[in-house]
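Everything on this sheet refers to the single structure shown next.
The values are calculated or read from the model by the stated rules, or taken from the named source; none is laboratory data. Predicted model only: the values in this text are computed from it and were never measured. Here the Cβ is made from the backbone with ideal geometry for all residues, glycine too, and neighbour counts use every protein chain on show.
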Amino acid sequence: MRLKDQNALITGGSRGIGRAIVEAFAAEGAKVAIVYRGSREAADTLAASINDRGGKALALQADVADAASVNGCVECVEKELGPIGILVNNAGVIEDDLFVRMKPEAWNKVIQTNLGGVFNFCHAVAFGMMQRRAGRIINVSSVAADHVNMGQTNYSASKGAINSFTRALAVELAKRGVTVNAIAPGFIATDMSAPVRNKAGDRIAKYIPMRRIGSPEDIARVAVFLASADSSYITGQVLTVDGGLTLGAVAE
Amino acid sequence: MPTQEEIYNKVSATLVEALNVDEEDIKPTSTLQGDLGAESIDFLDIVFRLEREFGIKIPRGELFPESIFQGDPDLVQDGRVTTKGLDELRSKMPFADLSHFEQNPEVGNLSDLFTVDLIARYIQGKLENGTNN
């Protein structure tokens, strides 16, 4: 068990990649705080299932874009579990539209949730981690930060900023034993990518050198690595996990 | 009101925690940056721990004044602290002993002002003035 008795908080933890990370962390012995925005039932069920299996999980509602909500959430988790040693900023939204048609609301929502959420949670835990001289911050970015798609100016900007933020914060906290890294998933089978998968079907896999769409577990295993002692000398890095998607090879 | 020695011992213990140094490395004349290896993020931590330890509030820039370090042309010119800058230092850091620094007021020497003793004196003044709110 690589994360035994560690306290981990995962945002967007009730579904998709976040859920897989919650499961993987719990399987490695971590106590997990599942932060969700809207899907209470899924979060509660997941927490109950982990607790039934002898683990320790709690589900908490928070709006990652709202600093007060985030601070309250962190306070609650630390009261219940103790200091947070591992933070995974996974919560994210998409609100795609062609730029000339994009409403400011769509821009703000994506930036405030994806990037603002990372700021809010890091801000709530970083000082404590720094004082304890231990901590792992893992931000879930996207290959879309560098390999852009039509209609995603807001999403790409938010993820590119997360990568830069990750490097900048890593420098500030390195001396205090806190590592800050990001994972950039490629095409992963989640609810978020369902509309594209439904539309494009099997064609997508042809663009991926490994010829398969990634699973949330593919990302979760990397998150476990970045949260564990195995990665203690790695900081400020963005790990691309995409089956080779962004290598630029043209399908045969 | 704690004695001078009690204050010094608490300050020393705080620095051991914040800077991860051995207690025997800490002497009254040790400089935080040069001798004890403190960096900017450590100063934040030191302030936080002192506040908690002594039950005082340390307003930003009071113990570690920032304006003088940010190259304000009125206060710092050609890498040296100006006469006006020295006045500013005196008014902002009445707890500091500037006699040595004044002889060669290079900005690079400013960090030498921040010794363990300076922090203890600052805390003592703070507690004496009863501004612990």
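The residue of region B:10-26 that is nearest to B:I119 (Cα to Cα), among those that are within 14 Å of the chain's Cα centre (by Cα) and away from chain A (no Cβ under 13 Å), is B:V11.
Going by the conditions given, is A:E28 under 20 Å from A:F225 (Cβ atoms) and modelled with pLDDT of 95 or more? The answer is yes for A:E28.
Could you please find all residues in region B:43-85 being assigned to a helix (DSSP H, G or I) and surrounded by fewer than 13 Cβ atoms within 10 Å (Cβ to Cβ)? Answer for region B:43-85, where residues must be assigned to a helix (DSSP H, G or I) and surrounded by fewer than 13 Cβ atoms within 10 Å (Cβ to Cβ): B:R52, B:Q70, B:T83. Do the conditions hold for A:R15, that is, is it basic (K, R), surrounded by fewer than 24 Cβ atoms within 10 Å (Cβ to Cβ) and touching a helix residue (DSSP H, G or I) at 6+ places or on another chain (Cβ under 7 Å)? Yes; evaluated as a whole, the condition is true for this residue.
Which residue, of B:S91, B:S99, B:S40, is within 14 Å of chain A (Cβ to nearest Cβ), of a type in the set (S, T, Y) and surrounded by fewer than 13 Cβ atoms within 10 Å (Cβ to Cβ)?
B:S40
Selection of region A:123-142 for residues being in a helix (DSSP H, G or I) and either within 14 Å of chain B (Cβ to nearest Cβ) or surrounded by fewer than 20 Cβ atoms within 10 Å (Cβ to Cβ) (or both) yields A:H123, A:A126, A:F127, A:G128, A:M129, A:M130, A:Q131, A:R132. Annotation: A:E105 fulfils all but one of (1) away from chain B (no Cβ under 14 Å); (2) not in a helix (DSSP H, G or I); the unmet one is (2). Look at (1) free of Cβ contacts under 8 Å to residues at least 24 places away in the same chain; (2) surrounded by fewer than 16 Cβ atoms within 10 Å (Cβ to Cβ) and you find that A:D191 fails only one, number (1).
Residues of region A:234-252 that are in contact (Cβ under 8 Å) with a residue 12 or more places away in the chain and not small (G, A, S): A:I234, A:T235, A:Q237, A:V238, A:L239, A:T240, A:V241, A:D242, A:L245, A:T246, A:L247.
Scan region B:64-77 and tell me whether some residue there is in contact with a Phe, Trp or Tyr (Cβ under 8 Å, 6 or more places away or on another chain), within 14 Å of chain A (Cβ to nearest Cβ) and without any contact (Cβ under 8 Å) to a residue 60 or more places away in the chain. No: region B:64-77 contains no residue that is in contact with a Phe, Trp or Tyr (Cβ under 8 Å, 6 or more places away or on another chain), within 14 Å of chain A (Cβ to nearest Cβ) and without any contact (Cβ under 8 Å) to a residue 60 or more places away in the chain. Residue-level check: of (1) hydrophobic (A, V, I, L, M, F, W, C); (2) farther than 17 Å from A:T190 by Cα; (3) touching a Lys or Arg at 6+ places or on another chain (Cβ under 9 Å); (4) surrounded by fewer than 24 Cβ atoms within 10 Å (Cβ to Cβ), A:A42 misses just (2). Restricting A:V148, A:V180, A:V171 to those that are within 14 Å of another protein chain (Cβ to nearest Cβ), outside any helix (DSSP H, G or I) and aliphatic (A, V, I, L, M) reduces the list to A:V180.
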